[in-house]
Structure formats: C-alpha cells, structure tokens
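Have a look at the structure below, then the notes.
The values are calculated or read from the model by the stated rules, or taken from the named source; none is laboratory data. This is a predicted model, so every value here is computed, not measured. Backbone-built Cβ (ideal geometry, glycine too); neighbour counts: all protein chains shown.
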Amino acid sequence: MPIQNIGISEIATYLPEAREANRDKKERFGIDDNFLNTKIGVDFVSRRRPDEETSDLCVSAFQTLERKCQVERTKVDCVVVVTQNPDASGIPHTSAIVHGKLGLDENCPAFDLSLGCSGYVYGLSVVQSFMRDHGLSCGLLFTADPYSKIVDPLDKNTALLFGDAATVTWLTRQPVLMPVSFLFGTRGSEWNTLKCVNHVLSMNGRAVFNFSAVEVPIQIRKLLEINGIGLGEIDFLLLHQGSKYLVDTIAQRLGLSAGVVPSNLKNQGNTVSSSIPMLLEGLVHNPAAKRLVLSGFGVGLSWASSYVTRPQ
C-alpha cells in the first residue's frame, strides 16, 4: 500500500561564507542606497568558493541537516536535486554525484529537476508523489542553483541580485509540515525573458516583475479558494525572494502585512530555488505556523504554489 503521510520533517541550509557587497558596486552601476534598500533589498550577495561545485553545496547542506536531527544515511531511499546549474561536467546528473559523495545505498533512486525559482514547490510535489507511489519513507529534496556560474559581473540586472546557497528538505512518514495542495503554471511563450546563452545569464527584469506581480496573486487566491481558506486565515506566505520590491508588491496586492510575508534577501540575495526553503526552515518547528502558502515564480516563465498545514 502506498504511504499517504509524506511531508516535511526538517530543513537545513548551507550559505557560503564569501560575500560581495553591493555598496561597492554603486559607482559601477550608477545606483544609490535608495535603490539597494527599496528596489532589490540586497546588501550582499553570497558567493561559493571557486572549488565548490553544485554537489558540494548540497553535501554541505546535508551535513548541516545531520547536525540538526537524526538522519541515517543508510535509510535514505530517495534523492532529488533541483538545479539548472549542475556540476561542471553536466553529465552525470548532480543527484548521482551527491548520492556518491554521501555514500548512499544503491537501491536509492536519484534524479535532478531542471527548474529555477518555482523549483522548490515543484520538487515538493514530485518527491511527495514519488515517495507515496513507491512506498518510500526517507527522502531528501536538495535545492542548489549557484547563479554565480553564469552571472555577468558587469550586468546590473543580475550581478546585484543573485546569491549562492543550498538547502535540503527531509521528507518522512512523520511530517511536521504537510503540503496538501498544489497549483502550477507555465508561460512558455515568454521563455526568453530569463535565459542563459553561451554560459551568460540575461534577464528582462521588468517583464519578470510584471508577470509575477499579476499572476502570482491570482494563483494564490485560487489555491486558497480550492482549499476553502481565506487570506486572513493563513499564518505565513512564503514568496520566492525575487526582489524586495516584488515581494512587497505581491504582499500589498493581497492585502497582507510584512509580518505575514517575511523576507530574507538582505545578506545573501536571490538564491533561486533555495529562497523558499531558507524562509521555511525557521518555521518548521514554530507552532504559530499552522497554515502556510509557498509560492515560487520566475524562469520559464514558471510559477507554482502550495498550501501547507501542520498535522494535528
């Protein structure tokens, strides 16, 4: 029989120590403190070491998880890595490299999901369903998208915004938080709004903003309607940290206060698929976080939202 109660038991983050200060780039890009504080909301972007690969970021996140809780490597039976910037070779899939570095059992499946800013929500749905369908009980969902590999340091649209990080979410049969409902969307007609050509990232920031500010509130309202929940009944809305202005705009259009819609851009920047689980990590064991909505949006153009509850 498939196992029904698959959900989140713990989350751990790895943030590289190195930082680039955006204040040091003000003259280069012709910006001021007001732009940094109110538009992007990023003082520093985190940067991996030159010798750190995507798989290394994942392993470091897992080592943090091991320090937080009793995760037995021998019992891990599913590994998924969300990334669009895999290890340099590109082949094999990064999850296989992580599997090998962690010394996991050969009966443990491992695969990648090539998704960006919506990737964590997609990943939760995929791993939860995969574990249920195959009777698994101990899954690891990694996010690691070091955009420093493809950011042009002379591009104002990306160099000030994207930071490196990795997270791992431990999914088990004894969940602390349970994703109960999902909605997804894709606007493939605008795929070239955020793309990588010849290993260099380019982004039409205005187009991404306009898309997200319109479509994300619509999807969130629809998700809550499906679940019979009002906006005023959710404890936290965790948005992908695209920029401070974008997060603030979505919150305002939904009529939600800053206390319900937290942000963590300031000291690492937009960490792509890792931004939502980094926010969620601090709420996993917070009893006040009973009803949550997660919403990721960006490259693709892709957007996805999930309603998450705390089992009684």
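How many residues, within region 89-142, are farther than 26 Å from T193 by Cβ, among the aromatic types (F, W, Y) and part of a helix (DSSP H, G or I)?
Number satisfying all stated conditions: 1.
Pick out the one residue from S202, S189 that is part of a strand (DSSP E or B), surrounded by fewer than 22 Cβ atoms within 10 Å (Cβ to Cβ), hydroxyl-bearing (S, T, Y) and in the same structural domain as V299 (by TED's automatic domain parsing).
Numbers: S189 fails: part of a strand (DSSP E or B).
Criteria check complete, one pass: S202.
Given the structure, is N157 more than 18 Å from the chain's Cα centre (by Cα) and part of a loop (DSSP other than H, G, I, E, B)?
Values: more than 18 Å from the chain's Cα centre (by Cα): yes; part of a loop (DSSP other than H, G, I, E, B): no.
No.
Taking N286 as meeting all but one of (1) among the polar types (S, T, N, Q); (2) within 26 Å of N37 (Cα to Cα); (3) in a loop (DSSP other than H, G, I, E, B), write down the number of the exception.
So N286 meets the others, but not (2).
Going by the conditions given, is K266 more than 19 Å from I11 (Cα to Cα), at pLDDT 95 or above and either surrounded by 23 or more Cβ atoms within 10 Å (Cβ to Cβ) or of a type in the set (D, E, K, R) (or both)?
On the way: more than 19 Å from I11 (Cα to Cα): yes; at pLDDT 95 or above: no; either surrounded by 23 or more Cβ atoms within 10 Å (Cβ to Cβ) or of a type in the set (D, E, K, R) (or both): yes.
No; evaluated as a whole, the condition is false for this residue.
Out of the residues in region 101-118 meeting the condition of being surrounded by fewer than 19 Cβ atoms within 10 Å (Cβ to Cβ) and of a type outside the set (D, E), tell me which one is nearest to the chain's Cα centre (by Cα). First the steps, then the outcome.
So the first thing to find is which residues in region 101-118 are surrounded by fewer than 19 Cβ atoms within 10 Å (Cβ to Cβ), and the list is 101, 103, 105-107, 109, 111, 114.
Going one step further and asking which of them are of a type outside the set (D, E), we end up with 101, 103, 107, 109, 111, 114.
Numbers: K101: 22, G103: 25, N107: 27, P109: 22, F111: 17, S114: 13 Å.
That would be S114.
Which of the following residues is of a type outside the set (V, I, T) and in a helix (DSSP H, G or I): L265, L256, L292, L280?
Details: L265 fails: in a helix (DSSP H, G or I); L256 fails: in a helix (DSSP H, G or I); L292 fails: in a helix (DSSP H, G or I).
Of L265, L256, L292, L280, the one residue that is of a type outside the set (V, I, T) and in a helix (DSSP H, G or I) is L280.
Picking from T64, T94, T38, which residue would you name as being assigned by TED's automatic domain parsing to the domain that holds D133 and crowded, with 22+ Cβ neighbours inside 10 Å?
Values: T64 fails: crowded, with 22+ Cβ neighbours inside 10 Å; T38 fails: crowded, with 22+ Cβ neighbours inside 10 Å.
Sole residue among the options that is assigned by TED's automatic domain parsing to the domain that holds D133 and crowded, with 22+ Cβ neighbours inside 10 Å: T94.
Output the qualifying pairs, or none if there are none: Cβ atoms under 6 angstrom, residues six or more apart or on different chains, first residue in region 15-32 and closer than 19 Å to L154 by Cβ, second residue surrounded by fewer than 17 Cβ atoms within 10 Å (Cβ to Cβ) and not acidic (D, E).
Taking only residues 6 or more apart or on different chains, the pairs are F29/K156.
Restrict the check to region 91-114 and report whether at least one residue is touching a strand residue (DSSP E or B) at 6+ places or on another chain (Cβ under 8 Å) and either under 28 Å from N286 (Cβ atoms) or of a type in the set (K, R) (or both).
yes
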